[in-house]
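Encoded as structure tokens, the structure appears first; notes follow it.
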Amino acid sequence: MSIQGEGGIRVASADYLRELRALCDQRGWLLMLDEIQAGMGRTGAWFGHQHAGITPDAMTLAKALGNGFPIGACLARGEVADLFSPGQHGSTFGGNPLACRVGCAVLDIMVRDDMPQRAAVLEARLLTGWRQALGNHPNVLAIRGQGLMAGIELDRSCKELVRRASEEQRLLITVTRDTTIRLLPPLICDEAQIDDMVARVARLLASNAVDRPVRLTDPTALANLQGE
Ligand SMILES: *Cc1c(COP(=O)(O)O)cnc(C)c1O
């Protein structure tokens, strides 16, 4: 995958993906990518691997393809696509007409509204906002992401924060790899909602600061922490 979601929001470098493609080409191997989390516009491109300018031989899609309606898909191109024939890739509910119709409608709307572009625009706001608000936080090790797939890595377990985020900040977050807060906000968020989310996460982490006091040098961070 081009971004490890469960692995702590680790973005594969473009060089790594290009070398992987070259290696597969040299050896006659297939390059198969899982785009279930990073696909469908999430990272600011339709699929995460497009940031590296490569094309996989096969890729998987699900979740966002149905915008909540259950669907999964395996896409293959060229010679690889020719390897599949009817009956070889079966599943009880695979390819059912309703799910496929939903997937087509989701794609139509996402193309119409250029949702990948939306994610690219909001990425800057989200990551810059967090870097300003949390750059000096004593427990924040890294802020990383691509498009609206973003994570904040702490120097300690942050599982407890999931409950506190919903109770204290009315914010739903998940934690991956024990120490990384993962946020995949809806692509239909507007700018104000992104700013609000940045502020809520900053407030959550401000009350979580341990070891050393939070050093605040940035006026935006100060405003966020005061709940302005
Ligand atoms: C959810 C998820 C899967 C599993 O998808 P299914 O449709 O349940 O098979 C695989 N990979 C990633 C990255 C996922 O997020």
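Give me the pairs: first residue in the stretch 67-85 and on the phi < 0 side of the Ramachandran plot, second residue at pLDDT below 90, beta-carbon distance under 7 Å, and six or more apart or on different chains, which are they?
Sorted first by the residue in the stretch 67-85, then by its partner, the pairs are Cys74/His89; Ala76/Phe84.
Limited to the stretch 152-178, what total is found for residues that are exposed (fewer than 15 other Cβ atoms within 10 Å of the Cβ), small (Gly, Ala, Ser) and closer than 20 Å to Asp196 by Cβ?
So the count comes out to 1.
Please work out if Ile36 is under 29 Å from Leu126 (Cα atoms) and modelled with pLDDT of 95 or more.
Details: under 29 Å from Leu126 (Cα atoms): yes; modelled with pLDDT of 95 or more: yes.
Considered against the rule, which asks whether it is under 29 Å from Leu126 (Cα atoms) and modelled with pLDDT of 95 or more, Ile36 comes out as yes.
Failed condition for Arg118, given (1) more than 26 Å from Arg21 (Cβ to Cβ); (2) modelled with pLDDT of 95 or more; (3) over 19 Å from the mean Cα position of the chain (by Cα), with all others met?
(3)
Return the pairs, sorted by first residue and then second, in which the second residue is among the charged types (D, E, K, R) and assigned to a strand (DSSP E or B), the first residue lies in the stretch 134-151 and is over 15 Å from Ile194 (Cβ atoms) and in contact (Cβ under 8 Å) with a residue 12 or more places away in the chain, the beta carbons are less than 6 Å apart, and the residues are 6+ apart or on different chains.
So the pair list comes out as Leu141/Glu153; Gly151/Arg144; Gly151/Arg182.
The values are calculated or read from the model by the stated rules, or taken from the named source; none is laboratory data. Because the structure is predicted, anything quoted here is derived from the model rather than measured. Cβ atoms come from the backbone with ideal geometry, glycine included; neighbour counts cover every protein chain shown.
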